[in-house]
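The structure appears right after this line, and notes come after that.
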Amino acid sequence: MKTFKSLLAILISVSFLFFFGCNTESSITSPETSGTISKANLTEGLQPELVVFDLSPEERDGLIHMRLEEKLARDVYTTLGNTWNYKVFMNIKVSEQAHMEAVKRLLVKYGVEDPITNDEVGVFSDPQFQALYDQYVTQGNVSAYEAFMVGKTIEELDITDLENQLNNVVDNPDIIRVYQNLKSASESHLAAFNKCLTGIPQIKVAN
């Protein structure tokens, strides 16, 4: 039994490194495979469409914000992945797409208008998110180290916003379930970026 548990632990560790690998190999996890896994986890326990709970104005605003924030993550990782070709960006962007879709399902179920009117990468109708995208891409283009720092910053922002929603705003069981899953995913992404940061030297840029 001990041998089996040890083998299982090794396999999990290897899987984590494969999915969030801090290298520039061109082969990455299949979007279809990783996306399907992410969607299954995100929707686990979600109430049937016919079961509709109350939605407060604060919960509505939170859904709109999180939908845009997940697009921000996906778009930045898409752009930085194209720039640096690190698998950690190319794979996590697939998860962020699944996160966007999970929040959109809630928007549809509760009749909230989708704030994303243009799904093009790097395009936001909200000036705040447009400014954040521009800022993060500019920082991430400096070096691979700065790109990983951007990933760390975005995941920390995600976790903070989700914790605030869960602790102070949300009572709706549908939203709680999705936000809990989003938070768990963001914690895994943060761990991946932190691991990448320990394996690459910081490049100091002269003023």
Looking at the stretch 43-52, is at least one residue farther than 17 Å from residue 187 by Cα, out of contact with any strand residue (DSSP E or B) (no Cβ under 6 Å at 6 or more places or on another chain), modelled with pLDDT of 60 or more and open to solvent by less than 80 Å² (accessible area, probe 1.4 Å)?
yes
Between a first residue in the stretch 106-129 that is among the acidic types (Asp, Glu) and a second residue that is part of a helix (DSSP H, G or I) and open to solvent by less than 30 Å² (accessible area, probe 1.4 Å), which pairs have beta carbons less than 9 Å apart while being 6 or more apart in sequence or on different chains?
113/107; 114/67; 114/107; 119/71; 119/100; 120/75; 126/68
For the stretch 75-89, which residues satisfy the criterion of being farther than 13 Å from residue 192 by Cβ, in contact (Cβ under 8 Å) with a residue 40 or more places away in the chain and in a helix (DSSP H, G or I)?
75, 76, 78, 79, 80, 83, 84
Here is a list: 59, 101. Which entry is open to solvent by less than 30 Å² (accessible area, probe 1.4 Å), farther than 14 Å from residue 154 by Cα and of a type in the set (D, E, K, R)?
59
Within the group 95, 30, which residue is under 18 Å from the mean Cα position of the chain (by Cα), among the hydroxyl-bearing types (Ser, Thr, Tyr) and at pLDDT 95 or above?
95
Candidate set: the stretch 123-152, residues that are open to solvent by 50 Å² or more (accessible area, probe 1.4 Å) and polar (S, T, N, Q); chosen: the one modelled with the lowest pLDDT:
125
Name the residue, out of 116, 200, that is at pLDDT below 95 and open to solvent by less than 50 Å² (accessible area, probe 1.4 Å).
200
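The values are calculated or read from the model by the stated rules, or taken from the named source; none is laboratory data. Bear in mind that the values here come from a model prediction, so they are computed numbers and not experimental data. Here Cβ is always computed from backbone atoms with ideal geometry, including for glycine, and neighbour counts include all displayed protein chains. Just the protein is used for accessible areas: all its heavy atoms, side chains included, with ligands, DNA and RNA removed. Shrake-Rupley method; radii C 1.70, N 1.55, O 1.52, S 1.80 Å.
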